[in-house]
1. Just wondering, is there one or more residues in region 119-135 that are open to solvent by 70 Å² or more (accessible area, probe 1.4 Å), in a strand (DSSP E or B), touching a residue at least 12 places away in the same chain (Cβ under 8 Å) and on the phi < 0 side of the Ramachandran plot?
2. Which residues, counting only those in region 359-385, are surrounded by 16 or more Cβ atoms within 10 Å (Cβ to Cβ) and more than 26 Å from residue 271 (Cβ to Cβ)?
3. Say whether the condition of being aromatic (Phe, Trp, Tyr) and more than 30 Å from the chain's Cα centre (by Cα) is met by at least one residue in region 182-190.
4. Among the candidates 217, 176, 139, 212, single out the residue that is within 21 Å of residue 70 (Cβ to Cβ) and either more than 22 Å from the chain's Cα centre (by Cα) or of a type outside the set (D, E, K, R) (or both).
5. Failed condition for residue 191, given (1) open to solvent by 20 Å² or more (accessible area, probe 1.4 Å); (2) without any contact (Cβ under 8 Å) to a residue 60 or more places away in the chain, with all others met?
6. So for region 4-19 (the condition being over 28 Å from residue 451 (Cα atoms), assigned to a loop (DSSP other than H, G, I, E, B) and either basic (Lys, Arg) or open to solvent by less than 60 Å² (accessible area, probe 1.4 Å) (or both)), does at least one residue qualify?
7. Which one of 165, 198, 210 is surrounded by fewer than 23 Cβ atoms within 10 Å (Cβ to Cβ) and at pLDDT below 95?
8. For region 27-49, give me the residue count where each residue is under 24 Å from residue 112 (Cα atoms) and open to solvent by 20 Å² or more (accessible area, probe 1.4 Å).
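The values are calculated or read from the model by the stated rules, or taken from the named source; none is laboratory data. Here the structure is a predicted model, which is why all the values come from computation and not from measurement. Cβ sites come from the backbone with ideal geometry, for glycine too, and all protein chains shown count toward neighbours. Surface areas here come from the heavy atoms of the whole protein model, side chains and all, with no ligands, DNA or RNA. Shrake-Rupley method; radii C 1.70, N 1.55, O 1.52, S 1.80 Å.
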Amino acid sequence: NGIQQRRNSYVDGVYGTTCPIPPGKNYTYILQVKDQIGSFYYFPSLAFHKAAGGFGGIRILSRPLIPVPFPPPAGDYTVLIGDWYKANHTALKATLDNGHMLPFPDGILINGRGSGASFTVEQGKTYRLRISNVGLMDSLNFRIQGHKLVLVEVEGTHTVQNTYSSVDVHVGQSLSVLVTADQPALDYYMVVSSRFTSQVLTTTGVLHYSNSAGPVSGPIPGGPTTQIDWSLNQARSIRTNLTASGPRPNPQGSYHYGMINTTRTIRIANSAGLVNGKQRYAVNSVSFIPADTPLKLADYFNISGVFRVGSIPDQPTGGGIYLDTAVMGADYRAYIEIVFENNEDILQSWHLDGYSFFVVGMDGGQWTPASRNQYNLRDGVARCTIQVYPKSWSAIYIPLDNVGMWNLRSESWARQYLGQQFYLRVYTKSTSLRDEYPIPKNALLCGRASGRHTRPL
């Protein structure tokens with residue numbers, strides 16, 4: 001989640017680009033993480049496998065000679081948080097296949113544990129925690145008893161180093177905080193709780209001082225529950241550190257994203273409803289259904305009848321939900337604005353593969369062209385997963401500099417599974433390797449691409 005697979009959507013690892021790995025077999029992904037740094041994670045994308053686990057953190061470190069805008073921490077911990085069901089992933093998938101919504105989750109895990117996750121620190125030292133919400137549905141709030149959290153990085157962007165008592169991490173998102181062990185030598189609660197839910201789920205881990213004189217004690221520190229304004233204000237406070245270097249030596253602020261004219265506006269509206277008596281979710285009224293062949297392979301081999309570019313409109317229609325293999329076309333090197341419009345009562349989280357985009361605005365109510373007057377065109381954070389609050393909108397700018405077939409999906413995994421996704425085909429007529437790599441030699445072939453040839457090994 002967040003690795004851009006530059007010029008190489010063949011290995012993006014979703015069914016629209018990559019054939020499934022057959023049972024009992026293995027596959028080696030060959031990828032590069034050029035021009036990226038930061039905290040991300042991986043997970044299984046097919047069916048409802050994500051509900052079974054199989055996820056882990058990914059750290060992309062800055063090159064040795066490029067300065068990082070904070071001293072090297074004494075330790076670097078990956079903290080994977082997420083809601084969890086006791087039911088097997090096959091049972092959850094069957095619930096969705098039968099046209100029903102998922103029940104409320106059973107709990108929250110920290111690094112795979114419902115309780116007992118522990119992180120050891122030495123008194124007086126500072127540690128980096130890379131926190132990712134790898135769950136299926138719920139936004140989560142993270143906090144540590146008696147300690148402050150200094151935000152330093154969000155999905156590959158060094159941020160202005162604001163201090164928070166707790167941070168919201170929406171489903172699919174990742175961030176890094178610095179925590180200094182500056183309290184008396186004891187153990188302290190690490191707390192994760194659900195946000196915007198009628199029933200609040202909570203789980204705890206332990207921040208353990210190596211010279212601790214005693215176990216955790218006192219009440220579990222409370223956090224925000226259903227307050228939207230609290231979360232919105234925190235989200236708006238997350239900004240890019242313009243003077244810090246990113247993956248390259250030049251400062252992050254040297255790319256003046258707000259001074260470039262956009263060439264196209266795409267408006268994305270999520271909706272829910274019944275199709276043939278079964279629950280479905282849609283984008284601009286189109287509920288995605290997978291084709292029999294990965295779309296990228298059909299594109300490469302010119303296999304007709306698999307998908308149609310333009311099968312999803314780039315503006316909301318307000319019409320009823322219908323099923324299609326939704327692919328939207330876009331031009332390579334265009335500079336576009338996408339507005340996510342959420343008219344539902346749930347919090348939405350959107351992720352775009354292959355890209356990092358600039359968050360320029362978010363607010364309640366309906367988006368209009370006049371909403372652009374409040375955009376942050378100077379130091380909006382660049383990231384790959386963006387939340388949209390209930391009855392609200394969020395807007396992003398993207399330079400389409402990565403050719404390929406890229407999945408844009410809801411990170412609410414049941415919604416994604418039941419159709420709330422589509423593919424953005426970023427296209428150029430050029431066949432230069434400068435613009436897109438050839439199909440990998442070891443690419444798996446399936447569906448109507450079976451029996452064809454990639455390249456000589």
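1. no
2. Residues of region 359-385 that are surrounded by 16 or more Cβ atoms within 10 Å (Cβ to Cβ), as a first pass: 359-362, 367, 371-372, 375-376, 379-385.
Within region 359-385, 376, 379, 380, 381, 382 meet the criteria.
3. Step one: of region 182-190, the residues aromatic (Phe, Trp, Tyr) are 188-189.
Still in the list and also more than 30 Å from the chain's Cα centre (by Cα): none.
No, that holds for no residue.
4. Working: 217 fails: within 21 Å of residue 70 (Cβ to Cβ); 139 fails: within 21 Å of residue 70 (Cβ to Cβ); 212 fails: within 21 Å of residue 70 (Cβ to Cβ).
It is 176.
5. (1)
6. yes
7. Values: 165 fails: at pLDDT below 95; 210 fails: at pLDDT below 95.
It is 198.
8. Keep residues of region 27-49 that are under 24 Å from residue 112 (Cα atoms), which gives 38-49.
Adding the requirement that they be open to solvent by 20 Å² or more (accessible area, probe 1.4 Å) leaves 42-47, 49.
Going through region 27-49 one residue at a time, the tally reaches 7.
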